Amino acid sequence: MNESAGDALSDPDSFVGAVLEVVDSIPPGRVLAYGDVAALLGSRAARAVGSIMRMYGEGHPWWRVVRSGGLPPTGHESSAREHYEREGTPLRALSREPWYSIDYASARWQPVHPESSPGS
């Protein structure tokens, strides 16, 4: 996308498209936190990213966007785990629900050239 991050934030449709473009670019077996997706777009709007994923994420790899600390999306822990296991995403056991989290240090995707990421 050619818009600046400021333009994306002032145009909600543009920001939605930019978020989904970032999500679509996350490789299998890798994840980003909601805040990381926002940061790639020059924003601090992690909650807006979460809302976008809730409303528009169905046709996109929604399971690759996680909560801070590597926790899977709330309410989708079981179906997300199936995706993680199929893609080989590194997981670790927890002693509380949801009983697992993503090993975020290992699974975090870092674009090679953030300045050429979607939305820049």
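The values are calculated or read from the model by the stated rules, or taken from the named source; none is laboratory data. Model, not experiment: these values are computed from the prediction. No Cβ is skipped: glycine too gets one built from the backbone with ideal geometry, and neighbour counts run over all protein chains shown.
Looking across region 26-82, the residues that are touching a residue at least 40 places away in the same chain (Cβ under 8 Å) and touching a Leu at 6+ places or on another chain (Cβ under 9 Å) come down to 26, 32, 40, 41, 42, 56, 60, 64, 65. When each of 106, 78, 95 is tested for being more than 27 Å from residue 41 (Cβ to Cβ) and either assigned to a helix (DSSP H, G or I) or not hydroxyl-bearing (Ser, Thr, Tyr) (or both), the lone residue that passes is 78. Within region 26-48, the set of residues being of a type outside the set (Val, Ile, Thr) and either surrounded by fewer than 16 Cβ atoms within 10 Å (Cβ to Cβ) or in a loop (DSSP other than H, G, I, E, B) (or both) comprises 27, 28, 29, 30, 41, 42, 43, 44, 45, 47. Residue count for region 50-74 satisfying the condition of being within 14 Å of residue 100 (Cα to Cα) and not in a helix (DSSP H, G or I): 6. Of all the criteria given as (1) modelled with pLDDT of 95 or more; (2) within 26 Å of residue 15 (Cβ to Cβ); (3) assigned to a helix (DSSP H, G or I), the one not satisfied by residue 85 is (2).
Report the residue count in region 63-81 for those that are of a type outside the set (A, V, I, L, M) and buried (at least 18 other Cβ atoms within 10 Å of the Cβ). Summing the residues that are of a type outside the set (A, V, I, L, M) and buried (at least 18 other Cβ atoms within 10 Å of the Cβ) in region 63-81 gives 6.
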